[in-house]
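Any read-out appearing in this document is the output of simple, stated calculations on the displayed coordinates, not a laboratory observation. What you see is a predicted model; the values in this text were computed from it and never measured. Positions of Cβ are generated from backbone atoms using ideal geometry, with glycine treated the same way; all protein chains shown enter the neighbour counts.
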Amino acid sequence: MCRYCQIIPEKVLIALSHDEDLPADARERLTATMRHDHQLRQFRDSARQLVMAKRPFQAFSVTLTQTPDIPVYTCNNGMTLPGVQIADPGNSSDPQVKTTFNTTSDVERFYRSVFNRNSIDGNGMTILSSVHYGRDYNNAFWNGSQMAYGDGDGQIFTAFCDSADVVGHELTHGVTQYTLGLDYENQAGGLNESLSDAFGSLFKQWVKGQSTDEADWLIGNDILGPAARQKYTCLRDMADPTNAHCMGGQIAHFRDYRDGMDPHETSGIANHAFYLIATRLGGKSWDKAGPIWYDALTRNGSNPDMTMAEFAGATKASAARLFPGDTAVAKAVDSGWADVGIALAGV
Ligand SMILES: [Zn+2]
């Protein structure tokens, strides 16, 4: 069953809300966010089932050439979606409206220019975002049909739209929903989360023009507020998933994997494989590692229960297809997955 997806996992919100080093009022706001997220998860399950039901018809649809609309709405600190539409969001005096429009437009350009993909569904789908969702709401989410960004409480988290990797991560959940259609539990859940981190990091590197050795490989380092920065550097670290500077603890090797673990935790395995492969290939990660990952994500139809070994096998096949005869690429892919304990399987 696929869940409603937020950037801050429930487990992290629970841990922070029990952390007595943090201010009591901040802990209360984390608990409020947690309660709200719990209710919203049910909605995402039903949205995904609707998409899966529509899939056979989409196979015959024609890709549009025009760029998708990117409307931005404001919830004015309420919780009714989408809220009120902002006219001309690219020139708004509200910095969150303007940033959300600009970063979402950049994600659209990233998928179009690097992967020749027309929006989230590959078919020019409107990319709708709502800002100022809730009051002091400590999360951002993709609900199966749109994005919503909280302002953060200013202590633990700041405005969620300010982070390129968060925006890229969440919109990639939409891309995964329309391609592999991965579930949100066990190995498929970890893959689902990891694909969002990989493309979120790729997007941030692309925006900044960074090579693999210049990239920070961190997820969520731009949304930590001053109280959180006393203890943490980021939400996740693809280069070092188990490091204590990460707010959300992860595993980095398949020997530590167990069914039933949180997808945000098991995603560390595939995250680290992507980091190893991209850095071993060097240069810009969207030149080789990114296209291999995108090809594996989009050329294998719907596979909700895909295992990590199957996805690894798909990346090997994609590497051979995209870079035939390039032994350095093949070696990087094989060694990256081997180093996180994944034996490649056919798909
Ligand atoms: Zn996610």
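Sorted on the mean count of surrounding Cβ atoms within 10 Å across their residues, most packed first, peptides 327-333, 100-106 read 100-106, 327-333. Database remark: amide H of Leu224 closer than 5 angstrom to the amide H of Thr158 (H placed geometrically; neighbours at sequence offset of 5 or more, or on other chains; Pro and chain starts carry no H).
With helices defined as uninterrupted DSSP H runs, which ones in the chain have an alpha carbon span along their own long axis of at least 30 Å and mean Kyte-Doolittle hydropathy of at least -1.0? Span-like helices here: 186-208. Taken over segment 76-138, the convex hull of the Cα atoms encloses 105 Å³ per residue.
Taking amide H positions as modeled 1.01 Å from N, with prolines and chain starts lacking one, the residues under 5 Å from Cys5 and 5 or more places away or on another chain are Trp142. Starting from the Cα gyration tensor of segment 80-223, take the square roots of the eigenvalues, sort them a ≥ b ≥ c, and report rounded, prolate or oblate (rounded when a/c is under 1.5, otherwise prolate if a/b is larger than b/c, else oblate). Rounded is the answer for segment 80-223, as its axis ratio a/c remains below 1.5. Taken about its Cα centre, segment 120-220 carries a charge dipole of roughly 240 debye when the Cβ of each Lys and Arg holds +1 and the Cβ of each Asp and Glu holds -1. Only Lys, Arg, Asp and Glu carry charge here, each on its Cβ (+1 for the first two, -1 for the last two); on that basis the chain has a dipole of about 840 debye about its Cα centre.
At an R0 of 22 angstrom, the distance between the Cβ atoms of Arg109 and Gln66 translates into a FRET efficiency of 0.95.
In this simple spin-label model, placing a label point 7 Å from the Cα along the Cα-to-Cβ direction at both Ala330 and Asn123 gives a separation of 3.8 nm. Applying a threshold of 28 Å to the alpha-carbon distances of Lys11/Lys316; Lys231/Lys331; Lys204/Lys316; Lys284/Lys331; Lys11/Lys204; Lys204/Lys331 flags Lys11/Lys316; Lys231/Lys331 as lying beyond it. Taking 7 Å steps out from each Cα toward its Cβ at Asn77 and Asp19 produces label points 2.5 nm apart.
Modelled spin labels at Asn102 and Ala244, positioned 7 Å past Cα toward Cβ, are 3.8 nm from each other. Computed on the Cα trace of segment 298-342, the radius of gyration divided by the Kirkwood hydrodynamic radius gives Rg/Rh = 1.00. On the basis of the beta-carbon distance and an R0 of 22 Å, Thr31 and Lys231 show a calculated FRET efficiency of 0.75.
Distance from the C-alpha centroid of segment 123-182 to that of segment 210-270: 18 Å, rounded to the whole angstrom. Extension gain, Asn116-Arg321: 0.36 nm per intervening residue step, less the Cα-Cα distance, totals 72.1 nm.
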